[in-house]
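**Student:** Here it is, the structure, as structure tokens.
The values are calculated or read from the model by the stated rules, or taken from the named source; none is laboratory data. Computed from a predicted structure; not experimentally measured. Cβ placement follows ideal geometry from the backbone for every residue including glycine, while neighbour counts extend to all protein chains displayed.
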Amino acid sequence: MKPPILLSIFAAATYGFLFTACDSRQENAREDALEQKADNLEHQAKDVRKEGEMAADEAERNAELTRKEAKTASEMRKDDAKAKAAAEEDNAAAIRKEAERKADALEDEADRNREAK
């Protein structure tokens, strides 16, 4: 008994798809390496944000200490201390902004690695 032609075509297409859908070991290793690299980049981004936040917090603490010192200083030193405190707060904001920029760049690179799979 001869199988129907549609069944033969369907079977051939199925086998062809199954063989082409399987990744080789090299392809799996490449994808695993890209995933690992993306994970590492995301961890670096998290660390950059954490370190940036800690540095910015330290700058803000310094600004607060400078303000406290200004309260007991002479009038001339008060103006200098206030200016220094404002500069330290600006520095804290700049640190946070730069840390976010670096972390976002790392996360974008991680995304590009994942998309390369």
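**Student:** Please give the number of the condition Glu42 fails out of (1) surrounded by 14 or more Cβ atoms within 10 Å (Cβ to Cβ); (2) of a type in the set (D, E, K, R); (3) at pLDDT below 90.
**Tutor:** It is condition (3) that Glu42 fails.
**Student:** OK, next. Being surrounded by fewer than 18 Cβ atoms within 10 Å (Cβ to Cβ) and either within 37 Å of the chain's Cα centre (by Cα) or not aliphatic (A, V, I, L, M) (or both) is the filter; apply it to region 64-74 and report the residue that is farthest from Ala110 (Cα to Cα). Please lay out each step first, then the result.
**Tutor:** Just the residues of region 64-74 that are surrounded by fewer than 18 Cβ atoms within 10 Å (Cβ to Cβ), to begin with: 64-65, 67-69, 71-74.
Imposing the further condition that a residue be either within 37 Å of the chain's Cα centre (by Cα) or not aliphatic (A, V, I, L, M) (or both) reduces the set to 64-65, 67-69, 71-72, 74.
Working: Glu64: 38, Leu65: 40, Arg67: 42, Lys68: 44, Glu69: 45, Lys71: 48, Thr72: 51, Ser74: 53 Å.
Per the criteria, the residue is Ser74.
**Student:** Of a type in the set (Lys, Arg), surrounded by 14 or more Cβ atoms within 10 Å (Cβ to Cβ) and modelled with pLDDT under 95: which single residue out of Arg77, Arg30 fits that description?
**Tutor:** Working: Arg77 fails: surrounded by 14 or more Cβ atoms within 10 Å (Cβ to Cβ).
Arg30 is the lone residue from the list that is of a type in the set (Lys, Arg), surrounded by 14 or more Cβ atoms within 10 Å (Cβ to Cβ) and modelled with pLDDT under 95.
**Student:** Separate question: Being touching a Lys or Arg at 6+ places or on another chain (Cβ under 6 Å) and either closer than 26 Å to Asp39 by Cβ or basic (Lys, Arg) (or both) is the filter here, so list the residues in region 61-117 that pass it.
**Tutor:** To start, the set of residues in region 61-117 that are touching a Lys or Arg at 6+ places or on another chain (Cβ under 6 Å) comprises 66, 70, 85, 99, 103, 113.
Within region 61-117, Ala99, Ala103, Asn113 meet the criteria.
**Student:** Output the number of the condition that Ala55 fails; it satisfies all remaining conditions of (1) free of Cβ contacts under 8 Å to residues at least 12 places away in the same chain; (2) within 26 Å of Glu107 (Cα to Cα).
**Tutor:** That leaves (1) as the condition not met.
**Student:** I'm trying to understand the selection: among the residues of region 62-77, which are assigned to a helix (DSSP H, G or I) and not hydrophobic (A, V, I, L, M, F, W, C)? So that I can check it myself, show each step before the final result.
**Tutor:** Here is the first cut: in region 62-77, the ones assigned to a helix (DSSP H, G or I) are 62-72, 75-77.
Within region 62-77, Asn62, Glu64, Thr66, Arg67, Lys68, Glu69, Lys71, Thr72, Glu75, Arg77 qualify.
**Student:** Also, quick follow-up: Pick from Ala85, Ala92: which is modelled with pLDDT of 95 or more and surrounded by 13 or more Cβ atoms within 10 Å (Cβ to Cβ)? Even if it seems obvious, please write down each step before you answer.
**Tutor:** Numbers: Ala85 fails: modelled with pLDDT of 95 or more.
Selected residue: Ala92, the only one of Ala85, Ala92 that is modelled with pLDDT of 95 or more and surrounded by 13 or more Cβ atoms within 10 Å (Cβ to Cβ).
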